[in-house]
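A.B. asks: The structure is given below, and queries will be raised subsequently.
The values are calculated or read from the model by the stated rules, or taken from the named source; none is laboratory data. Quantities reported herein were computed from a predicted structural model and do not represent experimental measurements. Every residue, glycine as well, gets a Cβ built from its backbone with ideal geometry; the counts of neighbours run over all protein chains shown.
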Amino acid sequence: MLNIVLEQNRCVNMIAHLFNAPLGDDETAVGVGTVGSSEAIMLAGLAFKRKWQNKMKQLGKPHDKPNIVTGANVQVCWEKFARYFEVELKEVKLTEGYYVMDPDKAVEMVDENTICVAAILGSTLNGEFEDVKRLNNLLVEKNKQTGWDTPIHVDAASGGFIAPFLYPELEWDFRLPLVKSINVSGHKYGLVYAGIGWAIWRTKDDLPDELIFHINYLGSDQPTFTLNFSKGSSQIIAQYYQLIRLGYEGYRNIMENCQENAMVLKDGLEKTGLFTIVSKDHGVPLVAFSLKDSSRHNEFEISEMLRRYGWIVPAYTMPPDAQHITVLRVVIREDFSRTLAERLVLDIEKIMHELDTIPSRVTEKIATDEEHAVVVKKTALEVQREITDAWKKMVADHKKKTKGVC
Ligand SMILES: Cc1ncc(COP(=O)(O)O)c(C=O)c1O
């Protein structure tokens, strides 16, 4: 008979070892299976908030204004955490050509109310790994000078199942003393279908006991630390199966293959001479790229036209301070073969030729017969921004009316 709690704990142990948790031979790891990285991040954030509050209470200091320092490239779940659990999000701005959190600037922003600094191993926008080691070293220094003990959380939603296999020497995990918790998505490079993530803590001391609930009505003492109670067990079984079936070697082979195919795609796109690559070779196997010249056509048109060939390649703008940069992103998973990578390059080339033969939408002017007026047709980017602005205004107006959370 399957015991899901046991299987979950085994997965937690395997992943904690993969992340170099400092565990003795007879010690079990501390962690939990979650509904994706988002829930894992909520739980890790709550643990940091509670630990910080307890410390401030003991010191007799105010504990009502916690903040968290991240890069402006964080995934939306961090914004959700901040808003739902009333923690100020202090974002390090991005700049053109540098699309991840600058550790020096992050540490400058840390103050006594900072519950943790969140670093990303595999930015959603371009797959780049942030420099967690430098962040750790700078923060160790700042903690020494100030007497604070600001910790680090690593959001390894994508990179957690990449770095241990492709870059085992890279120090980003529990080998760094200030890294107290890590999340990873099982449904990304953990190779499971949607709905599973993992939150892993360095030691038992890093997860305040008061956040753990104990129930016994299912026949034994079961500690629970999740936002909801019941959930499907199929993802845990699938994760356990993959870890056991593939093992370290199996995952490494798959990740190496993904990385090679990403390079085939990257080289093919570079050879066209039309694109700037904004992803890094050292990171999540994905290719993010921008048009070198977007004066006639833009990335949104390419994305739209690729759909006709059966490709869904999103185009998006970078966050504030780099929002004038638009990128297309292709994430390479295990089922994206070398042949598919080559075909995608050919299809993109075909589209670029087609675009050359049609009028530019970016600067197109349409004369209307009736009024002889000149109407400038909006770019897809301008349309998207207008829609976003209209939504923001509507939400703001609604908030003013209701003065509450809806
Ligand atoms: C860096 C990062 N963090 C968190 C998340 C949220 O992960 P999940 O979809 O597993 O909840 C994502 C998802 O894209 C991500 O890229």
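A.B. asks: Starting from region 317-339, take each residue that is farther than 19 Å from Lys280 by Cα and list its partners that are among the acidic types (Asp, Glu) and assigned to a loop (DSSP other than H, G, I, E, B), counting only C-beta distances under 8 angstrom and pairs at least six apart or across chains.
C.D. replies: Pairs found: His324/Glu96.
Results for (1) under 30 Å from Gln323 (Cα atoms); (2) charged (D, E, K, R); (3) not assigned by TED's automatic domain parsing to the domain that holds Leu135, shown as yes or no for each residue.
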{"residue": "Arg10", "(1), (2), (3)": "no, yes, no"}
{"residue": "Gly33", "(1), (2), (3)": "no, no, no"}
{"residue": "Met42", "(1), (2), (3)": "yes, no, no"}
{"residue": "Gly45", "(1), (2), (3)": "yes, no, no"}
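A.B. asks: Which ones in region 19-29 are of a type outside the set (Asp, Glu) and surrounded by fewer than 21 Cβ atoms within 10 Å (Cβ to Cβ)?
C.D. replies: Asn20, Pro22, Leu23, Gly24, Thr28 - these are the residues of region 19-29 that are of a type outside the set (Asp, Glu) and surrounded by fewer than 21 Cβ atoms within 10 Å (Cβ to Cβ).
A.B. asks: Turning to a different aspect of this structure: Can you find a residue that is surrounded by 16 or more Cβ atoms within 10 Å (Cβ to Cβ) and either over 18 Å from the mean Cα position of the chain (by Cα) or at pLDDT below 95 (or both) anywhere in region 68-82?
C.D. replies: no
A.B. asks: Identify all residues within region 19-44 that are under 16 Å from Pro151 (Cβ atoms) and in a loop (DSSP other than H, G, I, E, B); write none if there are none.
C.D. replies: Matches in region 19-44: Phe19, Ala21, Pro22.
A.B. asks: Checking Asn3 against (1) in contact (Cβ under 8 Å) with a residue 40 or more places away in the chain; (2) away from the ligand (no atom under 16 Å from the Cβ): exactly one of these is not met. Which one?
C.D. replies: All conditions are met except number (1).
A.B. asks: Search region 238-277 for residues being small (Gly, Ala, Ser) and within 30 Å of Asp293 (Cα to Cα), and hand back the single one that is surrounded by the most Cβ atoms within 10 Å (Cβ to Cβ).
C.D. replies: Out of the qualifying residues, it is Ala262.
A.B. asks: Enumerate the pairs (first residue in region 12-32 and touching a residue at least 40 places away in the same chain (Cβ under 8 Å); second residue anywhere and among the charged types (D, E, K, R) and surrounded by fewer than 21 Cβ atoms within 10 Å (Cβ to Cβ)) with beta-carbon separation below 8 Å, excluding pairs fewer than 6 apart on the same chain, so at least 6 apart or on different chains.
C.D. replies: Qualifying pairs under 8 Å: Asn20/Arg175; Val30/Lys204; Val30/Asp206.
A.B. asks: Just for region 1-18: of the residues that are outside any helix (DSSP H, G or I) and hydrophobic (A, V, I, L, M, F, W, C), which one is surrounded by the fewest Cβ atoms within 10 Å (Cβ to Cβ)?
C.D. replies: Met1
A.B. asks: Is one or more of the residues making up region 129-152 in contact with a Cys (Cβ under 7 Å, 6 or more places away or on another chain), farther than 23 Å from Pro320 by Cα and within 16 Å of the ligand (Cβ to nearest atom)?
C.D. replies: Within region 129-152, one or more residues are in contact with a Cys (Cβ under 7 Å, 6 or more places away or on another chain), farther than 23 Å from Pro320 by Cα and within 16 Å of the ligand (Cβ to nearest atom).
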